[in-house]
Each structure stands twice: as C-alpha cells, then as structure tokens.
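Just below is one structure, and these are the notes that go with it.
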C-alpha cells in the first residue's frame, strides 16, 4: 500500500479490496497477514479476542506491514467506535444495525460535526495517516468509513431507511447470521441459495444508493460471486482458521515419519 492511498478512495472508485480477518489478539499475526499480501486487515472486537489495547497495537503493526486498518466493534458499542477511529481505524464495521436509529447513532460516533458528534482527539490516527491535524480534520468524514452490518430480517426490511442515513458510507453483510434469521434459526447456511439471493439484493440496493457494499466470504468462490454482485470489500481468510489449516497441513506432511518414530500407524 502506498502511503497516501486511502481505503475509502479505493472502495468508492469500485476497486475490489480483500481483507484478512484477525481474531487473535497478537499484533504480529495481524502484521504477518499484511506482509503476506492482504491489502487490508480487519481486527474483530466482536467475536474475536481483540480488545482496545490489542487494536491499538494491531493498527500500528498493520501500518508497519503496509495494510489498511479496519475494525469491527461489539454490538452497540459506539463509544468504542469513536476510540478506534481516534487510534487509527480507517473503517469501522458495526454489527446488528437493524434500523435507521441504529445507523444514525453509529454514524454519530464515527463522524465529526456537522455529520456526526465525534469528539476531537485523533492523535494516533493523525500520525498513522501521515497527515497534519488540520488535514485529518478536513478529510476525516470522507476518509474514515462507517459500515453498518446487515445480518437480520429486520435489517433487510429496513435497508432503504438505513442506506438513506447521511454519513453512512455503506453496509457489510454477515451471511452466517443472515442465514440464521432467514431460516428462523433452523440452520446455519451462509452459502445457501436463499442467503445468496438476499445478499445479491442487498448489494444492488447499496449500489443504487451510492454506498459501499462489503461482505464476509466463506470460500474463494464466494469472493468472485460477491464481486459480480457488486460487493467491493470482501473478507477471505481468518487468522485462527488459517493457522489451524496450516498446522494440520504441516503435520500431515510428516505424518508417516512421525508414525514410524512413535511406532503407531499413520493417522493414529
């Protein structure tokens, strides 16, 4: 990532961006995702193990590794959204935004007046963005993205109202929770036909409203599908899963050798 290329500009121009997903609260792991080639990395403070301190350290590590800095807050924690923007988040994702009121409260925390009510104090964000305080203030409301997660029937029904909120830059779909609500809790089916159909409708509405559309993709084919639907920010690859897969693969490579040493059959 070049120093002055802004994530918001990339996404608004229609450039697809793949973000890694960091659940493990170890800054070096986020940095390794960045150095491995991820253009952006999202620190998960909702379902992941990150907290505010690990996010502070993680943003610094991502800046060092050359990746854009994204964070997902816990449900309803708009105060944390402001703090994460202050310490360098280029994009904040808020889960379970189910109404215009939810979206307005979230935007209020991420955007400065007159769009929102964010309090001034972005000292770390200023340094990580390579801007002066004046430059940061001038650009913050357009450069710091606020994305509302659409992951319930209620949110889908209220999508037009949510998308009409001034200062909301876009939406981010959670297909797992969406599939749960679409099936009334009967099944988890993030890649199923019904979930895919609704995800396509969400992307179309976001595009029509001039908003950015993002989505969590479970599998590489879903990334291609999402881009075709109009999504531009796609998650593919969570650190905890990548580490698990790599560990199993490495062990499998030496399984026969290990079995001979231990005297047990391969795969024991």
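Against the definition (more than 19 Å from residue 210 (Cβ to Cβ) and buried (at least 19 other Cβ atoms within 10 Å of the Cβ)), how does residue 125 come out, yes or no? When the stated conditions are applied, residue 125 passes them.
Take the conditions (1) surrounded by fewer than 19 Cβ atoms within 10 Å (Cβ to Cβ); (2) out of contact with any strand residue (DSSP E or B) (no Cβ under 7 Å at 6 or more places or on another chain); (3) within 17 Å of residue 98 (Cα to Cα); residue 167 misses just one of them, which is (2). Considering 246, 203, 256, the condition of being part of a helix (DSSP H, G or I), in contact with a strand residue (DSSP E or B) (Cβ under 6 Å, 6 or more places away or on another chain) and surrounded by 10 or more Cβ atoms within 10 Å (Cβ to Cβ) is satisfied by 203 alone.
Considering only residues in region 212-226 that are touching a strand residue (DSSP E or B) at 6+ places or on another chain (Cβ under 7 Å) and assigned to a helix (DSSP H, G or I), the one that is nearest to residue 12 (Cα to Cα) turns out to be 226. Exactly one residue out of 162, 171, 240 is modelled with pLDDT of 95 or more and either under 18 Å from residue 12 (Cβ atoms) or assigned to a strand (DSSP E or B) (or both): that is 171.
The values are calculated or read from the model by the stated rules, or taken from the named source; none is laboratory data. A quick note: this is a predicted structure, and the numbers were derived from the prediction, not measured. FYI the Cβ positions are ideal-geometry reconstructions off the backbone, even for glycines, and counts take in every protein chain you see.
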